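Asks: One structure coming up, written as structure tokens, with questions to follow.
The values are calculated or read from the model by the stated rules, or taken from the named source; none is laboratory data. On a predicted model such as this, the values are computed, not experimentally measured, just so you know. No Cβ is skipped: glycine too gets one built from the backbone with ideal geometry, and neighbour counts run over all protein chains shown.
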Amino acid sequence: MDKKTQPSSSPWPQEASSPWKQSCDMPMTDQHIVFAQWAEKFDSDILHLKVVGGNCIVLSSYEAAMDLLDKRSSIYSSRPRVTMLQDLIGWEGDLVYLPYGNAWKAHRKLLHQEFHPSDSSAYRPHHKKALRLFLNNLIETPEEWLRHIQQMTRSIILAVAYGIHVQVKDDPSIIAAEEMFAVLNTAGIPGSFLVDVFPLLKHIPTWFPGASFKRRAQEWYDIRNETITPPFLKVKQAMANGNAEDCFSLRCLANAQSPDPRPDHLSEEEEMIKQTAGSMYEGGADTGITALRTFLLAMMCFPDVQCEAQEELDRDCRGCLFSEFCNRRPLDFFCSIIRWQAIVPLSVPHQVDTEDTYKGYYIPKGSTIMPNVWAILRDKKTYGPTAHMFNPKRWLLKTDSNETGHCAEAQWRLNPDMRDPVGITFGFGRRVCPGKHMGLASFQMNVASLLHSFNITPTLDDNGHVVNLEIEYVSGLLNGPVPFECSIKPRSEKHIAVQ
Ligand code: HEM
């Protein structure tokens, strides 16, 4: 262990200090849970793991994450290089994985123009349309609820990014996206492949024994390319023909300073727009799906919470589910869902550009910084002894405001003494999620509509008994429940009529 990294007064945890031991012991699944256990065992909110590929710093408290990733964001805003994903699969120019610098700033600028917090016009009409179709699909084939959620979430992004309107089941754009997300969830975690740890392995030939990762990388490159290139070229061609639909890609292409005049070629600037549209797709779709799956699981496991929320929605949001983003109960549901089961449990890792010290610890230049969002959101000091439990009430305070119309002044407001999980879930500092407002608004409207119109209950087995419910999660980049069944039935004709 490097002397400089080990202040004598407060040694790094032994388990995290032996380079070789760590590289062997680095958990490959449920990392967030193991890291949380280590943090507790060593009573330290900052752990240093020496791995073969470099140094990894895990932050397990809100204070540490904010102190470094937010307050020192000028040096903590880069990304570690993920060799498999970036060099071999071609996620090279993707905003999510770009190092901090001018290229990243240019990509971000494009998104900021589109997703201004006070302007939901870029996504709201698409969302309303997709949500309507989703609710109708649920009435017709409720057993296919997962497919309907996937279709809704992905089709919103397709519409926002490319003006594509998916109407049919198993649309090729949706299938391509599905495959791309599976790749991202596997290869998006630094260290998932040996080549991430030993980048020189990327040069071995494809036929070499043990080089199966290179063959997989080639297949995955094609999947990503097929997902993000054809829809973008379509927009470019439609723009040339004068019949393109308004969308993110079109608006950016229309403002491009140096476009390639050929319809099937892209200039450097157009390539950047294509990558940014792709990163929107990657960042925005599966996070929303995961949040909704956890919501359904929670509703089955906590039926009393569901009933109470439905009664409140009946009282407070008469007829407004579709016309307004209803900012009341659904917000505390979002807070509860994302706190109970963090969607991106270790966020997306940052990288520090220069060496630094924090609380007397030395942090080597180039270290990978992982905020353990899952642990921060279950911190007993902040959320009390029941921090591990789902309980929307912990967020709510009732006010005495008079209601004068649909979705008038909120009767409920968030408890200001309870730390807002939204500021943790969507990341930190300069890399904070640019789709935060869209993700939040979409979730609220989905949850309000689902709760208002449907009862969500466990399925019954052949003997009419409730199928045993397990709260079991499987994590990659995202933390989602293991596949489960669920019954979604309309509450009444009256409730469905509101849609
Ligand atoms: C529930 C929904 C969502 C969650 C939980 C979520 C979460 C996150 C997190 C944790 C990060 C990493 C932040 C960091 O590095 O500190 C991130 C980055 C990102 N998200 Fe989201 N996100 C959501 C929705 C969206 C949506 C709707 C979009 C696009 C329309 C989007 C696009 C992105 C992009 C492009 C990045 C990369 C930003 C960068 O590296 O500079 N996300 N998101």
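Asks: Please work out if N185 is within 16 Å of the ligand (Cβ to nearest atom) and surrounded by fewer than 19 Cβ atoms within 10 Å (Cβ to Cβ). Even if it seems obvious, please write down each step before you answer.
Replies: Values: within 16 Å of the ligand (Cβ to nearest atom): yes; surrounded by fewer than 19 Cβ atoms within 10 Å (Cβ to Cβ): yes.
Considered against the rule, which asks whether it is within 16 Å of the ligand (Cβ to nearest atom) and surrounded by fewer than 19 Cβ atoms within 10 Å (Cβ to Cβ), N185 comes out as yes.
Asks: Additional query: T276 passes all but one of (1) closer than 26 Å to E114 by Cα; (2) touching a Pro at 6+ places or on another chain (Cβ under 9 Å); which number fails?
Replies: Only one criterion in (1) closer than 26 Å to E114 by Cα; (2) touching a Pro at 6+ places or on another chain (Cβ under 9 Å) is unmet by T276, namely (2).
Asks: Further, regarding this structure: Can you pull out the residues in segment 77-118 that are within 11 Å of the ligand (Cβ to nearest atom), of a type in the set (F, W, Y) and assigned to a loop (DSSP other than H, G, I, E, B)?
Replies: Y100, F115
Asks: Being in contact with a strand residue (DSSP E or B) (Cβ under 7 Å, 6 or more places away or on another chain) and more than 30 Å from P416 (Cβ to Cβ) narrows it down to one residue among P371, P349; which is it?
Replies: Values: P371 fails: more than 30 Å from P416 (Cβ to Cβ).
Of P371, P349, the one residue that is in contact with a strand residue (DSSP E or B) (Cβ under 7 Å, 6 or more places away or on another chain) and more than 30 Å from P416 (Cβ to Cβ) is P349.
Asks: Would you check if I164 is β-branched (V, I, T) and assigned to a loop (DSSP other than H, G, I, E, B)? Walk me through it before giving the result.
Replies: Values: β-branched (V, I, T): yes; assigned to a loop (DSSP other than H, G, I, E, B): yes.
Yes; evaluated as a whole, the condition is true for this residue.
Asks: Can you pull out every residue in segment 196-221 that is part of a helix (DSSP H, G or I) and among the aromatic types (F, W, Y)?
Replies: Of the residues in segment 196-221, the ones part of a helix (DSSP H, G or I) are 196-197, 199-203, 212-221.
Correct list: F213, W220, Y221.
Asks: Inside segment 448-482, can you point out the residues that are more than 16 Å from the ligand (Cβ to nearest atom) and out of contact with any strand residue (DSSP E or B) (no Cβ under 8 Å at 6 or more places or on another chain)?
Replies: First, the residues of segment 448-482 that are more than 16 Å from the ligand (Cβ to nearest atom): 449, 451-472, 474, 482.
If the condition is that a residue be more than 16 Å from the ligand (Cβ to nearest atom) and out of contact with any strand residue (DSSP E or B) (no Cβ under 8 Å at 6 or more places or on another chain), then S449, L451, H452, D461, D462, N463, G464, H465, N468, L469, E470 are the ones that fit.
Asks: For D70, which of the numbered conditions (1) at pLDDT below 90; (2) touching a helix residue (DSSP H, G or I) at 6+ places or on another chain (Cβ under 8 Å) fails to hold?
Replies: Going through (1) at pLDDT below 90; (2) touching a helix residue (DSSP H, G or I) at 6+ places or on another chain (Cβ under 8 Å) one by one, D70 breaks only (1).
Asks: I would also like to ask the following. How do the pairs read when you match residues in segment 99-128 that are of a type in the set (D, E) with residues anywhere that are more than 11 Å from the ligand (Cβ to nearest atom), using Cβ under 9 Å and keeping only pairs 6 or more apart or on different chains?
Replies: From segment 99-128, the pairs are E114/R251; E114/C252.
Asks: Please work out which one of (1) within 16 Å of the ligand (Cβ to nearest atom); (2) part of a loop (DSSP other than H, G, I, E, B); (3) not polar (S, T, N, Q) is the condition P263 fails and give its number.
Replies: That leaves (1) as the condition not met.
Asks: Moving to a separate point now. Looking at segment 454-479 only, could you name the residues that are of a type outside the set (F, W, Y), under 22 Å from T141 (Cβ atoms) and under 30 Å from the mean Cα position of the chain (by Cα)?
Replies: Residues satisfying the conditions are N455, I456, T457, P458, T459, V467.
Asks: Which of the residues spanning segment 128-151 are among the aliphatic types (A, V, I, L, M) and within 21 Å of P481 (Cβ to Cβ)?
Replies: Result: L138, L146, I149.
Asks: Given the conditions (1) aromatic (F, W, Y); (2) within 13 Å of the ligand (Cβ to nearest atom); (3) part of a helix (DSSP H, G or I), and given that F134 satisfies all but one, which numbered condition is not satisfied?
Replies: (2)
Asks: Quick one: is M445 buried (at least 17 other Cβ atoms within 10 Å of the Cβ), more than 7 Å from the ligand (Cβ to nearest atom), at pLDDT below 90 and not in a helix (DSSP H, G or I)? Break it down stepwise before answering.
Replies: Numbers: buried (at least 17 other Cβ atoms within 10 Å of the Cβ): yes; more than 7 Å from the ligand (Cβ to nearest atom): yes; at pLDDT below 90: yes; not in a helix (DSSP H, G or I): no.
Criteria not met by M445.
Asks: OK, next. Considering only segment 459-495, how many residues are aliphatic (A, V, I, L, M), more than 19 Å from F295 (Cβ to Cβ) and not in a loop (DSSP other than H, G, I, E, B)? Quick ask: steps written out before the conclusion?
Replies: Initially, segment 459-495 is screened for residues aliphatic (A, V, I, L, M), giving 460, 466-467, 469, 471, 474, 477-478, 482, 488.
Next, only the ones that are more than 19 Å from F295 (Cβ to Cβ) stay: 460, 466, 477.
From the residues that got through so far, the ones that are not in a loop (DSSP other than H, G, I, E, B) too are 460, 466.
Adding up the residues that qualify gives 2.
Asks: Additional query: Being at pLDDT below 80 and either within 16 Å of the ligand (Cβ to nearest atom) or assigned to a helix (DSSP H, G or I) (or both) narrows it down to one of E312, E324, E308, E282, so name that one. Give the steps one after another, and end with the answer.
Replies: Details: E324 fails: either within 16 Å of the ligand (Cβ to nearest atom) or assigned to a helix (DSSP H, G or I) (or both); E308 fails: at pLDDT below 80; E282 fails: at pLDDT below 80.
Testing whether each residue is at pLDDT below 80 and either within 16 Å of the ligand (Cβ to nearest atom) or assigned to a helix (DSSP H, G or I) (or both) leaves just E312.
Asks: Suppose we filter segment 334-348 for residues that are surrounded by 23 or more Cβ atoms within 10 Å (Cβ to Cβ) and more than 29 Å from Q306 (Cα to Cα); how many remain?
Replies: Number of matching residues: 0.
Asks: Condition (residue is among the β-branched types (V, I, T) and either in contact (Cβ under 8 Å) with a residue 40 or more places away in the chain or crowded, with 16+ Cβ neighbours inside 10 Å (or both)) applied to segment 213-223: is it met by at least one residue? First the steps, then the outcome.
Replies: From segment 213-223, those among the β-branched types (V, I, T) are 223; that's our starting set.
If we keep only those that are either in contact (Cβ under 8 Å) with a residue 40 or more places away in the chain or crowded, with 16+ Cβ neighbours inside 10 Å (or both) as well, we get 223.
Yes, segment 213-223 has at least one match.
Asks: Restricting segment 351-376 to residues that are part of a loop (DSSP other than H, G, I, E, B), in contact (Cβ under 8 Å) with a residue 60 or more places away in the chain and out of contact with any helix residue (DSSP H, G or I) (no Cβ under 6 Å at 6 or more places or on another chain), which is farthest from the ligand (Cβ to nearest atom)? Spell out the reasoning first.
Replies: Applying the first criterion (part of a loop (DSSP other than H, G, I, E, B)) to segment 351-376 yields 352-355, 359-360, 364-367, 372.
Next cut, in contact (Cβ under 8 Å) with a residue 60 or more places away in the chain only: 352-354, 359-360, 364, 366-367, 372.
Narrowing further to those that are out of contact with any helix residue (DSSP H, G or I) (no Cβ under 6 Å at 6 or more places or on another chain): 352-354, 359-360, 364, 366-367.
Values: V352: 13, D353: 15, T354: 18, K359: 21, G360: 25, P364: 20, G366: 17, S367: 15 Å.
Among those residues, the one meeting the criterion is G360.
Asks: Can you work out which of the residues in segment 263-288 that are crowded, with 22+ Cβ neighbours inside 10 Å and of a type in the set (A, V, I, L, M) is farthest from C433 (Cα to Cα)?
Replies: Ranking the candidates gives I273 first.
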